[in-house]
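> I have a structure I would like to understand better, so I am pasting it below and will then ask my questions one at a time.
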Amino acid sequence: MSNSLESRTLGRSGITVGALGFGCWAIGGEWQDRDGNPLGWGKVDDEESVAALHRALDLGVTFFDTADVYGTGHSERVLGRALRGRRRDEVVVATKWGNTFDESTRTLTGSDATPAYARRALTASLRRLGTEYIDLYQLHLSDAPFASAAELRDACEEFVREGLICTYAWSTDDPERAALFAEGEHCAAVQHACNVLEDAPEMLALCAERDLASINRSPLAMGLLTGKHGSGSRSASGDIRAVPPAWLRWFGEGGVPTPEWAARVEAVRSVLTSDGRTLAQGALAWLWARSPHTVPIPGFRSVAQATENAAARAYGPLRADQLTEIRTALTAAG
């Protein structure tokens, strides 16, 4: 086992974060779209969520990523509760805005890409999180129009001047959109999908060119890379994987992994689990090896998951020869 993975810088901001962050979507609990389809990860125990966050802090994880819409405000409240009493400068808090929702019914109602709404959303997030500022504020509308995004980037610069946020980013998988936000002085990152099964070379190249942090959502492919979702396992009701939306290609109806994606996991399992790692730890190690800008943010719902994810840092990134072996195996798997 190698020495612990070193911390990384949040792009050009100068803010130091651990090489591993924690994503707080799952701890928001159950919520839904207007048709009643689940958008959460099923039922959660808030006491367990807080205990898991405390465990992460005790293990040196200091970067936490949430969104106002996760659990329609609930994730932010749980994170704020867990951080209460901690020195604010010892943690880096990221959240997102752009979606509109009804907290009383836990329902996603639409979106709003106006600067006026951005300010209202920011004020509400600060209140739920119990903090005076947010370290990384992220636009959550992946396909927002360029003209609207330019206005929102300028609004974020104003929020920085007011001391309400330190830096900002766009959560998008489009390098052109990420580049638009990167034109702002205090843009520090882009949050985008990336994992060993689905690389993002264009986005990683942009992060290297513009000195942006690459915040990796779905680093464990929504649980597919944890090894806990075999080809016959099903997700519980209230879990987004049980009724997967069109973009969630790894799972079929009922949350069963599709045969194609399950086969790809099997193709890389032996490499990822070498050197004593679990499958999830190997998937995180791949991301760290892929680029010095990556900061994966795996989700969690328990103390055990928090402990396993945090322990991945002790193994360090995969070696170059292991990356090559994985590329070869995935090419052969198709």
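> Give me the one-decimal nm value for the distance between modelled label points at Thr16 and Ser148, 7 Å along each residue's Cα-to-Cβ direction.
3.9 nm
> With the full set of protein chains in place, find how many percent of the accessible area of segment 33-113 is carbon and sulfur; take the probe as 1.4 Å.
Whole-percent figure for carbon plus sulfur exposure: 43.
> Would you please state the base-10 log of I(q)/I(0) at q = 0.14, 0.18 1/Å for segment 1-108, with intensities from the Debye formula using one equal scatterer on every alpha carbon?
One equal scatterer on each Cα of segment 1-108 leads to -0.60, -0.90.
> Mind checking the angle between helix 259-272 and the chain's longest principal axis? C-alpha axes, 0 to 90 degrees, to the nearest 10.
Between helix and principal axis, roughly 80 degrees.
> While we're on this one: Starting from the Cα-Cα distance between Glu260 and Ser104, subtract it from 0.36 nm times their residue separation and give me the gain in nm to one decimal.
Between Glu260 and Ser104, full extension yields an extra 52.2 nm.
> Follow-up question, since we're still on this one. Each residue of segment 165-176 in order: what ³J(HN,Hα) in whole Hz does its phi give by Karplus 6.51 cos²θ - 1.76 cosθ + 1.60, θ = phi - 60°, with x for Gly and Pro?
Going residue by residue, I get 9, 9, 8, 8, 7, 10, 8, 7, 9, 9, x, 5 Hz, with x marking Gly and Pro.
> Only bridges with both residues in the chain count here: give the DSSP antiparallel percent, nearest 5.
Beta bridges within the chain, antiparallel portion: roughly 25 percent.
> On the accessible surface of segment 220-317, probed at 1.4 Å, how many percent belong to carbon and sulfur atoms?
Solvent-exposed carbon and sulfur of segment 220-317 make up 56 percent of the total.
> Taking every eigenvalue of the Cα gyration tensor of the chain, multiplying by 5 and rooting it, what semi-axes result, largest first, whole Å?
29, 23, 20
> With both bridge residues required to lie in segment 114-223, what share of the DSSP beta bridges run antiparallel, to the nearest 5%?
If I count the DSSP bridges inside segment 114-223, around 5 percent turn out antiparallel.
> For n ≥ 4 DSSP H runs only, could you compute -39500 (n - 2.57) per run for the chain, divide by its residues and tell me the 222 nm figure to the nearest 500?
-11500 deg cm²/dmol
> Can you give me the accessible area per residue for the chain, using a 1.4 Å probe, in Å²? Numbers along the way, then the final one.
On the way: 13410 Å² over 334 residues.
So the chain comes to 40 Å² accessible per residue, rounded to a whole number.
> Residues with amide H under 5 Å of Thr294's amide H, sequence separation 5 or more or different chain, H placed in the peptide plane at 1.01 Å from N; which?
The answer is Ser214.
> Hey, another quick one. Could you state how much accessible area Ser237 has, in square angstrom rounded to the nearest 10, with a 1.4 Å probe and all protein chains kept in place?
100 Å²
> Now a separate question. Using just the C-alpha positions of segment 240-324 as equal point scatterers, what log10 of I(q)/I(0) does the Debye formula give at each q in 0.12, 0.13 1/Å?
Each listed q corresponds, in turn, to -0.43, -0.50.
> Now for a separate question. Ordered by residue, what ³J(HN,Hα) values in Hz, to whole numbers, does segment 292-299 give under the Karplus form 6.51 cos²θ - 1.76 cosθ + 1.60, where θ = phi - 60° and Gly and Pro are x?
Computed from phi, the couplings for segment 292-299 are x, 9, 6, 9, x, 10, x, x Hz.
> Also, quick follow-up: Kirkwood hydrodynamic radius for segment 65-167: how many Å is it when counted over pairs of different Cα atoms?
Hydrodynamic radius (Kirkwood, Cα only) of segment 65-167 equals 13.8 Å.
> Apply the Debye scattering formula to segment 183-334, with a single equal point scatterer on each alpha-carbon and no solvent, then give log10 I(q)/I(0) at q = 0.19 Å⁻¹.
-1.23
> Still on this model: Keeping all protein chains in place and using 1.4 angstrom, which order do Asp102, Asp58 fall into by accessible surface area, from largest down?
Putting Asp102, Asp58 in descending order of accessible area: Asp58, Asp102.
The values are calculated or read from the model by the stated rules, or taken from the named source; none is laboratory data. Small disclaimer: the values here were computed from a predicted structure and weren't measured. Cβ sites come from the backbone with ideal geometry, for glycine too, and all protein chains shown count toward neighbours. Remember, those area values only see protein heavy atoms, side chains included, never the ligands or the DNA or RNA. Shrake-Rupley method; radii C 1.70, N 1.55, O 1.52, S 1.80 Å.
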